[in-house]
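The values are calculated or read from the model by the stated rules, or taken from the named source; none is laboratory data. The shown structure was predicted, so the numbers you read here are calculated from the model rather than taken from an experiment. Cβ sites come from the backbone with ideal geometry, for glycine too, and all protein chains shown count toward neighbours. The protein model used for the area step is the full one, side chains on, heavy atoms only, and it has no ligands, DNA or RNA in it. Shrake-Rupley method; radii C 1.70, N 1.55, O 1.52, S 1.80 Å.
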Amino acid sequence: MTLARAVRAESTKLLTLPLFLYTAAGTVLLSIGFSWITTALVASALAAGKPEETGGLDAGSAFLTILHFGQIGVILLGAWTVHQELDSGSLRSTLIAVPQRSAVFASKALVVSGGVVLTAIPSVVGSTAVRCVAVDCSTEDARIAPDVLLGVVLYWILIALFTYALSVILRSGLAAMSAVLALALIVSTYLLPITPAAKFLPDQAGAQLYQQPPVPVDALGPVGGGLVLLAWVAAAMGGAVVLFIRQPVRS
């Protein structure tokens, strides 16, 4: 009952926060919009016989690149769950209402997951569908396996939970958001050509969840990459819950 009450309270708080709603809605709309634009541009370049202008993208799967960058939105959602309470000092009130800290921590994680699912499904479905405006989705080249699309949703959930846990550990949603965004958009991309160990970083491993076949021999693959990311999330969540229970609340 304590957990259920905490989940209801956390859900109500997030649904009344304009920034949370704007981020979720913006992620959906931008993912769908840029998926259509990117698909149209790639298809146009290929039709004009200029494959060098596509950046190596295929018209049927170019939208997956946009969905990769869609993680920015869910990283913000994961960080904002902690940041808004630490910044306003309302965490103390939350713990007075629900003294069981483990329940509060778990409820926030569940609400983050739920919010990401509600963001990811329309983003993925909409992006997959809108590309058909620019390409013929009935062709073999344009078909996307359902497990690839499911992989995007799963990746978004896990990377958001990783950000949430890191926010608790650092006691700052902004610090965690900055760290994960820097890792996903800059650091790992820079390290990957330098060292094969970079493929074990959270974002690189997680991206394997929506890797289209054939999977390169030296890649982790969807299962291996998913397990590596899950290990990162489990470790971060384990450390975060211990700190959340033991650390004093800052005013």
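A few remarks follow.
- Degrees between helix 18-47 axis and first principal axis of the chain (Cα, 0 to 90, nearest 10): 10 degrees
- For the pair Asp218 and Arg171 in one chain, pulling the backbone fully straight at 0.36 nm per residue adds 13.2 nm over the alpha carbon distance.
- On the beta carbon distance between Cys137 and Thr195, with R0 = 51 Å, the FRET formula returns roughly 0.85.
- Most tightly packed first, judged by the mean number of other beta-carbon atoms within 10 Å of their residues, the peptides 121-134, 183-196 read 121-134, 183-196.
- All Cα-Cα separations within the stretch 106-251 were binned at 5 Å from zero, giving a P(r) of 2, 9, 15, 19, 19, 15, 11, 6, 3, 1, 1, 0, each value a whole percent of the pairs.
- Rounded percent of accessible protein surface that carbon and sulfur make up, the chain, 1.4 Å probe: 71 percent
- Using a probe of 1.4 angstrom and keeping all protein chains present, the accessible surface of the chain works out to 48 square angstrom per residue.
- Summary value for the chain: 24 percent relative contact order, contacts being C-alpha pairs under 8 angstrom separated by 6+ residues.
- Here the chain is treated with +1 on each Lys and Arg Cβ and -1 on each Asp and Glu Cβ, and its dipole about the Cα centre works out to around 1220 debye.
- Per-peptide packing, taken as the mean over residues of other Cβ atoms within 10 Å, places 108-114, 150-156, 11-17 in the sequence 150-156, 108-114, 11-17 from highest down.
- Peptides 158-171, 22-35, 60-73, ordered by how many other C-beta atoms sit within 10 Å of their residues on average, highest first, read 158-171, 60-73, 22-35.
- Listed residues His68, Phe34, Leu21: farthest to the positive end of the dipole of the stretch 1-72 (Cβ charges): Leu21
- Charge dipole of the stretch 116-251 about the Cα centre (unit charges at C-beta), most positive-ward option of Phe244, Val153, Gly126: Phe244
- Cα→Cβ-extended label distance, 7 Å offset, between Leu30 and Asp147, nm: 3.1 nm
- Think of it as helices only: each DSSP H run of n ≥ 4 in the chain is worth -39500 (n - 2.57), and spread over all residues that comes to -23500 deg cm²/dmol at 222 nm.
- Net charge contributed by nearby residues that have their C-beta within less than 11 Å of Ala6 (K/R +1, D/E -1): +4
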